[in-house]
Amino acid sequence: MRYLGGLPESEPAIRKLYDLGHAAMRANKWDKAIGHFREATKLAEGKQLVALFNLIGLCCYSPGRLDDALRNYEESVRLAEQFGDKLGKAAALGDIGFICGTKGEPDKALKCYEEALAIDREVAHQQAVASRLGDIGLIYRDKGKLDKALKSLEEALAIHREIGHHRGEANDLGDIGSIYRDEGEYDKALKCYEEALVIHRKIGYRLGVASDLGDIGAIYRNKGESDNALKCYEEALTIDREIEHQQGVASDLGNIGLIYRDKAESDKALKYLQEALAIHREIGHQQGVASALGNIGLIYRDKGESDKALECCEETLS
């Protein structure tokens with residue numbers, strides 16, 4: 001779901017730049033898309049400006065430039081307030097919430113999501129309401145409040161199915177699967193993930209496909225089926241690299257590293273985890289950095305290199 005603020009119906013000069021930027025996004029040419037959208041901001045006004053900065057934020061987020069994305073989403077909120085654009089403000093608040101969640105700030109994220117949800121309910125924007133409920137469900141999941149999480153996600157799923165929004169339906173199924181996974185109900189989780197994967201493949205949403213494959217891989221790992229898990233992670237890694245989704249690439253690399261640790265292939269595990277760490281650092285994903293350092297420390301411990309393991313532990317704590 002993207003807020004477009006009337007851009008597809010704008011005057012020819014703005015519409016041309018929007019179309020060029022949108023085409024670049026579809027080709028995963030993020031910097032090229034940003035260039036077109038910034039040119040359009042010189043001609044646009046009102047809701048169009050709100051939407052353009054939102055799109056620029058998305059183009060920054062997709063390759064993992066979280067701080068740049070946050071600045072553009074915040075500018076979108078500021079403009080939305082200036083022009084009285086409720087839908088635009090809700091969209092940008094939702095995106096800021098997502099960035100805060102990614103950066104390990106769940107309380108900030110929840111505040112943004114709840115403010116956006118209130119606006120979306122006020123204007124009766126059902127698709128956005130479902131999206132916000134899903135976001136809130138994930139924050140509750142991360143906070144360990146699984147009953148609240150499941151309630152929000154099931155409400156989101158019901159709305160997405162009612163309005164026929166297949167991508168939202170697939171995302172909700174995946175998120176509900178994560179709740180079942182956290183509760184140790186792996187078969188229920190796998191069923192949700194596989195149903196989501198079918199939908200994402202059908203609609204051609206490759207980012208969703210990669211995410212589902214990663215989730216399915218995690219279930220196989222939990223069930224002790226390491227070869228099946230590795231196959232899923234490797235397919236996800238190929239897709240994430242093709243679409244230049246750096247956070248996904250780092251996650252996939254880390255998961256592959258853990259599989260090789262399970263297989264007692266420490267050198268291979270270390271190679272993948274160190275590559276994941278470098279990407280997490282590059283994009284400023286602090287949770288990913290901490291996780292990668294912790295897992296690298298475990299590898300060094302397995303190898304009997306206690307000093308290196310201690311360095312990783314100390315860096316994680318700092």
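The values are calculated or read from the model by the stated rules, or taken from the named source; none is laboratory data. In this text the structure is predicted, and so the values were computed from the model without any measurement. Heads up, the Cβs are rebuilt from the backbone with ideal geometry, glycines too, and the neighbour counts pull from every protein chain shown. Heads up: the accessible areas ignore ligands, DNA and RNA and are worked out on the full protein's heavy atoms, side chains in. Shrake-Rupley method; radii C 1.70, N 1.55, O 1.52, S 1.80 Å.
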Per residue Cα convex hull volume for the stretch 173-260, in cubic angstrom? 78
Stretchable slack from LYS223 to GLU242, in nm (0.36 nm times residue separation minus alpha-carbon distance): 3.9 nm
Ranked by GNM mean-square fluctuation in the chain (Cα springs under 10 Å), the top entry among GLY57, GLY21, GLY46 is GLY46
Using packing as a proxy for protection, rank 151-158, 240-247 so that the peptide with the highest average count of other Cβ atoms within 10 Å comes first. 151-158, 240-247
The chain: most fluctuating residue of SER266, SER131, SER76 per GNM, C-alpha cutoff 10 Å: SER266
Out of every Cα pair in the stretch 226-318, what percent are spaced more than 15 Å from each other? 57
Roughly how far apart, in whole Å, are the Cα centres of the stretch 247-318 and the stretch 122-170? 33
Angle check, please: helix 266-283 long axis (alpha carbons) against the longest principal axis of the chain (alpha carbons), in degrees 0 to 90, nearest 10. 20
Taking the alpha-carbon distance from LYS103 and a cut-off under 20 Å, which lysines remain once sequence neighbours fewer than 8 residues away in the same chain are dropped? LYS111, LYS143, LYS145
For the chain, built as a Gaussian network whose Cα springs stay under 10 Å, the top-fluctuating residue of PRO63, PRO106, PRO12: PRO12
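Counting heavy atoms of the protein chains only and a 1.4 Å probe, report the per residue accessible area for the stretch 104-193 as a whole number of Å². All intermediate terms of the calculation are to be shown ahead of the outcome.
Numbers: 4330 Å² over 90 residues.
Here the residues of the stretch 104-193 average 48 Å² of exposed surface.
Measuring with a 1.4 Å probe in the full set of protein chains, what accessible area per residue, in whole Å², belongs to the stretch 272-318? Let's see the in-between values first.
Working: 2670 Å² over 47 residues.
Accessible area per residue: 57 Å².
Regarding the stretch 96-224, what's the average projected area of the Cα-atom convex hull, expressed in nm²?
Numbers: hull surface 30.3 nm².
Dividing the Cα hull surface by four gives the mean projection, 7.6 nm².
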What is the local net charge at HIS36, summed over the other residues whose Cβ is closer than 11 Å to its Cβ (Lys, Arg +1; Asp, Glu -1)? +1
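Could you list the square roots of 5 times each eigenvalue of the Cα gyration tensor of the stretch 1-72, that is, the equivalent ellipsoid semi-axes, sorted largest first and rounded to whole Å?
18, 13, 10
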Compactness of the stretch 79-154 - radius of gyration and Dmax, Cα, Å: 12.2, 39
Any of LYS231/LYS268; LYS108/LYS188; LYS108/LYS271 with alpha carbons more than 25 Å apart? Name them for me. LYS108/LYS188; LYS108/LYS271
Report VAL198's accessible area, 1.4 Å probe, all protein chains in place, as a number in Å² to the nearest 10. 100
Structure-based [θ]222 nm, the chain - -39500 (n - 2.57) summed over DSSP H runs of at least 4, per residue, nearest 500: -27500 deg cm²/dmol
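Local charge sum around LEU146 (other residues, Cβ-Cβ under 9 Å, Lys/Arg +1, Asp/Glu -1)?
On the way: positive: ARG141, LYS145, LYS148; negative: ASP147, ASP182, GLU183.
With Lys, Arg at +1 and Asp, Glu at -1, the net is 0.
Tell me the volume per residue, in Å³, of the convex hull enclosing the alpha carbons of the chain. Please report the intermediate quantities before stating the final value.
Working: hull volume 41.1 nm³, N = 318.
Cα convex hull per residue, to the nearest whole number: 129 Å³.
Roughly speaking, what % of Cα-Cα pairs in the stretch 22-159 are separated by over 19 Å, rounded to a whole number?
Values: 4968 of 9453 pairs.
Result for the distance tail: 53 percent.
Which net charge results when you count Lys and Arg as +1 and Asp and Glu as -1 among the other residues whose beta-carbon is under 12 Å from that of LEU133?
Working: positive: ARG121, ARG132, LYS148, LYS151; negative: GLU114, ASP120, ASP135, GLU154, GLU155, ASP172, ASP175.
In short, -3.
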Would you check the accessible area of PHE83, probe 1.4 Å, heavy atoms only, in square angstrom rounded to 10? 80
